Each structure stands twice: as C-alpha cells, then as structure tokens.
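The values are calculated or read from the model by the stated rules, or taken from the named source; none is laboratory data. None of the values given here were measured: they were computed from a predicted structure. Quick reminder, even Gly has a Cβ in these numbers, built from the backbone with ideal geometry, and neighbours come from all protein chains shown.
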Amino acid sequence: MRIVYLHGFASSPQSGKAQFFAARFAECGIQVEIPQLDEGDFPHLTITGQLGLIERTVSDRPAILMGSSLGGYLATLFASRHPVVERLILMAPAFQFPRRWRERYPADEMAAWKKNGTWPIFHYGHGKEIPLGYRFVEDSHQYEDEPEFSQSAIVFHGTKDPVVPARVSEEYAKRHPNVRLHLFDSGHELTGVVEEMWQQICAFLGLRATQDARHFQSL
C-alpha cells in the first residue's frame, strides 16, 4: 500500500494533519509521501503546476491519494485523469474550487490582483504573507468544478466548515455511489477529529487494530 498526501492551499508537508497521518501509517509499515505542492515557489503556484508535481510523484505506480481542502480537489482532478490512482481519502475537499475561488474576492480586489500581478496570501507553512501571482486565478479557469472520478473514495467534512460548506460534499456524494461521506461536528481543519477519521480510514483501507490501539496491521 502506498499513500501520497496532498496538503492544503498555502500549507506545507509539515502541517499537523499531514504529520499525524504519516505517523499513523508508519505504525502500519506504510509509507506516506508528502510532496511540497508549491515546490518552494509559492508566488508562481498554479493548479497545472501542482498536477504536474503529483504526476511526477505518483510516477505511474499505483497509489492511494489523500488530500486536504485544495489538496482534496487536486486529488480528484488527478484521479479523474489517471486510473493508476486506486482510492481517494478526502478531507473537506475544495469541490467547485475554480468557481468558488473567483467568488471569494470582490470584483475590485480581483481587478487589483490582475493589474498588480500579485496578491498577498497568508502562507501557513511560512507563517507570513507571500505574494501569489494572478496566473493562479487564470490557470484555474480551465479545470472543472467537480471532477468525475470512478475510484472508491471516503470523504470527511465538518458541518461547521466556513471555507467549503459541507453541503458541497453532501451533494457530490449523493450523485456518486463510489463516494462514502462522513460528517463531523467540526470546522474546516478537522484537527479535532483526526482520531475518528483515522478509525474510518482503517476500515476503508482494510486495516485493523492490534491489542495495542496505537498500532495497526493489514488484514
């Protein structure tokens, strides 16, 4: 079993959830690969560039994609184009990202971003604002709001999510029998329910607890 973890927007491989799940899977003897999606160049970040990095990381070898927020959206985009992806584990996936991103900013701010070429974005990995190029917005226009993938997927979403409303995942899951949705009384980050998600992930992937609840083994 091989896991590729895709972190969220303006985040990093050192995010709390990424490290939590990497440690849990390591206890199973399962490697988790966590690429830095901006490749150290956040100002020139694009959806196309991130998909290219994911393609190089997966490298035509079977993998399970695990993604958070924008990472979840990227996972669905990639899976819809690459059958080498076996399954998906999605946390508050940013379905409808291209449309909702454009709606996130008032028209005057978007115009200023386009005119200036960059816009300051708080980067959680660096703990400070970093300018993001307008190419990020332009590039996203070519991608579908809700990618169609055939792989089995488990989706976790918080009912108090102010960033990506839970109804987005609910409506997607209703239309896709290959998607299993779990709702939690949580916000967008889902950091307070990581243990509960881990238990569901174990069931989804066919892992079981040994007598020591901290360690898991494959069925």
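Mind listing just one residue for me: the one in the range 82-101 that is of a type outside the set (Gly, Ala, Ser) and under 14 Å from Ile47 (Cα atoms) and, of those, surrounded by the fewest Cβ atoms within 10 Å (Cβ to Cβ)?
Among those residues, the one meeting the criterion is Arg99.
Checking the structure you have, find out if any residue of the range 51-72 is crowded, with 23+ Cβ neighbours inside 10 Å and polar (S, T, N, Q).
Among the residues of the range 51-72, at least one is crowded, with 23+ Cβ neighbours inside 10 Å and polar (S, T, N, Q), which makes the answer yes.
Identify all residues within the range 9-57 that are touching an Asp or Glu at 6+ places or on another chain (Cβ under 9 Å) and farther than 18 Å from Glu195 by Cα; write none if there are none.
Residues satisfying the conditions are Ala10, Ser12, His44, Leu45, Thr46, Ile47, Thr48, Gly49, Gln50, Leu53, Thr57.
Being closer than 13 Å to Pro43 by Cβ and modelled with pLDDT of 95 or more is the filter here, so list the residues in the range 106-126 that pass it.
Across the range 106-126, the qualifying residues are Trp113, Asn116, Gly117, Thr118, Trp119, Pro120, Ile121, His123.
Restricting the search to the range 48-84, which residues are closer than 13 Å to Gly8 by Cα and either β-branched (Val, Ile, Thr) or in a helix (DSSP H, G or I) (or both)?
Those that are closer than 13 Å to Gly8 by Cα and either β-branched (Val, Ile, Thr) or in a helix (DSSP H, G or I) (or both): Gln50, Leu70, Gly71, Gly72, Tyr73, Leu74, Ala75.
Could you tell me how many of the residues in the range 15-46 are surrounded by 20 or more Cβ atoms within 10 Å (Cβ to Cβ), of a type outside the set (Gly, Ala, Ser) and in contact with a Ser or Thr (Cβ under 9 Å, 6 or more places away or on another chain)?
Total satisfying the criteria: 4.
Do we find that Ser12 is surrounded by fewer than 22 Cβ atoms within 10 Å (Cβ to Cβ), polar (S, T, N, Q) and under 23 Å from Glu129 (Cα atoms) in this structure?
Yes.
With respect to His141, determine if the residue is loosely packed, with under 14 Cβ neighbours inside 10 Å, in contact with a helix residue (DSSP H, G or I) (Cβ under 8 Å, 6 or more places away or on another chain) and not aliphatic (A, V, I, L, M).
It is true that His141 is loosely packed, with under 14 Cβ neighbours inside 10 Å, in contact with a helix residue (DSSP H, G or I) (Cβ under 8 Å, 6 or more places away or on another chain) and not aliphatic (A, V, I, L, M).
Which residue pairs have Cβ atoms under 7 Å apart, sit 6 or more places apart or on different chains, and have a first residue in the range 176-192 that is touching a residue at least 60 places away in the same chain (Cβ under 8 Å) and a second that is among the basic types (Lys, Arg)?
From the range 176-192, the pairs are Thr191/Lys17.
Looking only at the range 113-152, which residues are among the small types (Gly, Ala, Ser) and more than 15 Å from Ser69 (Cβ to Cβ)?
Gly117, Gly127, Gly133, Ser150, Ser152
Would you call His123 surrounded by 15 or more Cβ atoms within 10 Å (Cβ to Cβ) and either more than 13 Å from Pro93 (Cβ to Cβ) or of a type in the set (A, V, I, L, M) (or both)?
yes
Checking the conditions here, which among Glu129, Glu103, Glu170 is farther than 20 Å from Leu37 by Cβ, out of contact with any Ser or Thr (no Cβ under 8 Å at 6 or more places or on another chain), at pLDDT 95 or above and not polar (S, T, N, Q)?
The match here is Glu170.
Can you name every residue in the range 60-77 that is within 17 Å of Trp101 (Cα to Cα) and under 8 Å from the mean Cα position of the chain (by Cα)?
Ser68, Ser69, Leu70, Gly71, Gly72, Tyr73, Leu74, listed by residue number.
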